[in-house]
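So the structure is just underneath, and the comments pick up after that.
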Amino acid sequence: MKRSSIDGEQDGNSRIARFPLGGSGSGSGGVEAAGVLDSRILPDQEFMAQWDAVIVETSQKDRLLSQAILNFTLREKVNRSNLPLHGLIVLHGPPGTGKTSLARGLASRTAEAISKLGQFRYIEVEPHALTGAALGKSQRAVRDLLGQTVAEQAERGPLIVLLDEVETLAADRGRMSMDANPIDVHRATDAVLAQLDQLAAKYPHLLFIATSNFTRAVDGAFLSRADLIENIGMPGPEACRAILQSAIEELARAFPTTGRIPQDPEFERAAKHCVGLDGRRIRKLVISACALNKQTAIDPNRLTAADVLEAAIQAQEESKSVQE
Ligand SMILES: Nc1ncnc2c1ncn2[C@@H]1O[C@H](COP(=O)(O)OP(=O)(O)OP(=O)(O)O)[C@@H](O)[C@H]1O
Ligand SMILES: [Mg+2]
């Protein structure tokens, strides 16, 4: 993904509508946008596709969407002291289970569902860019990003902010040893919490979606502010099969002969071997299957269900050896 935007910039994908982050002193390094990985206008077709691609229980997608919508319909109308909505949804779970895709898709679906509030904007924060700074800089970087960049955008209208891999930004102060983790990180977490509270109080049309694959590393006070904490788990047998099929269907759009693979009995065996793998692994094993021999790599139309089965068995073995 590209770094944040300049007005009208295109991305090789004309559907991506980007917006300028404004503020002073852009020019050379885009200083005012430090820590912003992506920004766009919602709804966004690419994000919609990411939402659709992730196969989880429909009830889980519904729950996420309802909570996100509620943030925009309810928050401005209720007293925070009695109904404390913070405008924060947390998605956590193992790596490769679709958290980031769901978060982006959720942003887009929410904007689509509540069009009456006007144009929604989206910002994706890259926490590593903030906390990787030299000692003493993180706190300031967080304050600048949330207190200025995010606040400026929230002034303009409804805004959804993705805090991806939030454990970097809101690290659990309780679990950290002072020796191993610079005090700077503690301060950055404090700064995040203070800013979240201020932003939540001031902007009812602002929603943060945070992801983490290591929830225990996320600060307790941050998690306690979440309006919904949703666990995105490993796919079950049905989902594994559907993910494998979807990956093959994608291949078949370019190499049509491979479209027959899901009808082959070997495909069912391959799908069974996918149980225990995450969604990313399952999609990738179709690529590995194409790489099993050079002829298939030259012409992926030659891919067979037996290749997919072999790649699934290999992926399963690799995943077991990593866990041991
Ligand atoms: N349940 C799923 N159904 C279909 N595809 C999935 C599923 N889970 C993951 N994927 C696919 O795996 C890829 C990675 O997804 P994504 O980056 O959203 O995962 P993540 O949970 O954010 O991973 P990480 O924790 O490593 O950041 C995407 O191509 C996504 O479509
Ligand atoms: Mg992710």
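The values are calculated or read from the model by the stated rules, or taken from the named source; none is laboratory data. Bear in mind the structure is a predicted one, so any value in this text is a computation, not a measurement. Note that each Cβ is placed from the backbone with ideal geometry, even for glycine, and that neighbours are counted across all protein chains shown. Accessible surface is based on the protein model in full, side chains and every heavy atom, while ligands, DNA and RNA are left aside. Shrake-Rupley method; radii C 1.70, N 1.55, O 1.52, S 1.80 Å.
Just a few scattered comments:
- Matching residues in segment 82-108 - criterion: being small (Gly, Ala, Ser), over 8 Å from the mean Cα position of the chain (by Cα) and within 11 Å of ligand 2 (Cβ to nearest atom): GLY93, GLY96
For every residue, the table says whether it meets (1) over 30 Å from ASN301 (Cα atoms); (2) of a type in the set (S, T, N, Q).
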residue: ARG187; (1), (2): yes, no
residue: LEU199; (1), (2): yes, no
residue: THR257; (1), (2): no, yes
residue: ALA270; (1), (2): no, no
residue: ASP278; (1), (2): no, no
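- Among the residues of segment 279-321, those that are open to solvent by 30 Å² or more (accessible area, probe 1.4 Å), closer than 22 Å to GLY236 by Cβ and under 24 Å from the mean Cα position of the chain (by Cα) comprise ARG280, ARG281, ARG283, LYS284.
- Qualifying residue in segment 109-118 (condition: among the hydroxyl-bearing types (Ser, Thr, Tyr), closer than 21 Å to VAL192 by Cβ and surrounded by 21 or more Cβ atoms within 10 Å (Cβ to Cβ)): no
- When segment 93-111 is filtered for residues that are farther than 12 Å from ASP52 by Cα and more than 9 Å from ligand 1 (Cβ to nearest atom), the ones remaining, listed by number, are ALA107, THR110, ALA111.
- Boolean, PRO262 is surrounded by 21 or more Cβ atoms within 10 Å (Cβ to Cβ) and out of contact with any strand residue (DSSP E or B) (no Cβ under 6 Å at 6 or more places or on another chain): no
- Residue within segment 246-264 that is among the polar types (S, T, N, Q) and within 15 Å of ligand 1 (Cβ to nearest atom) present: yes
- Residue-level analysis places ALA252 outside the set of residues that are in contact with an Asp or Glu (Cβ under 7 Å, 6 or more places away or on another chain), farther than 30 Å from GLY87 by Cβ and open to solvent by less than 90 Å² (accessible area, probe 1.4 Å).
- Selection within segment 39-71 - in contact with a strand residue (DSSP E or B) (Cβ under 9 Å, 6 or more places away or on another chain) and either within 16 Å of ligand 1 (Cβ to nearest atom) or not assigned by TED's automatic domain parsing to the domain that holds TYR122 (or both): ASP44, GLU46, PHE47, GLN60, ARG63, LEU64
- One residue from GLU76, GLU57 being touching a Pro at 6+ places or on another chain (Cβ under 6 Å) and more than 16 Å from ligand 2 (Cβ to nearest atom): GLU76
- Search result, residues across segment 185-195 that are in contact (Cβ under 8 Å) with a residue 24 or more places away in the chain and surrounded by fewer than 23 Cβ atoms within 10 Å (Cβ to Cβ): VAL185, ARG187, ASP190, LEU193, GLN195
- Consider segment 198-239 and keep the residues that are touching a residue at least 40 places away in the same chain (Cβ under 8 Å) and of a type in the set (D, E, K, R). The one that is farthest from ALA312 (Cα to Cα) is LYS202.
- Residue within segment 225-235 that is part of a helix (DSSP H, G or I) and either open to solvent by less than 30 Å² (accessible area, probe 1.4 Å) or hydroxyl-bearing (Ser, Thr, Tyr) (or both) present: no
- Boolean, ALA201 is open to solvent by 20 Å² or more (accessible area, probe 1.4 Å), closer than 13 Å to LEU88 by Cα and of a type in the set (Gly, Ala, Ser): yes
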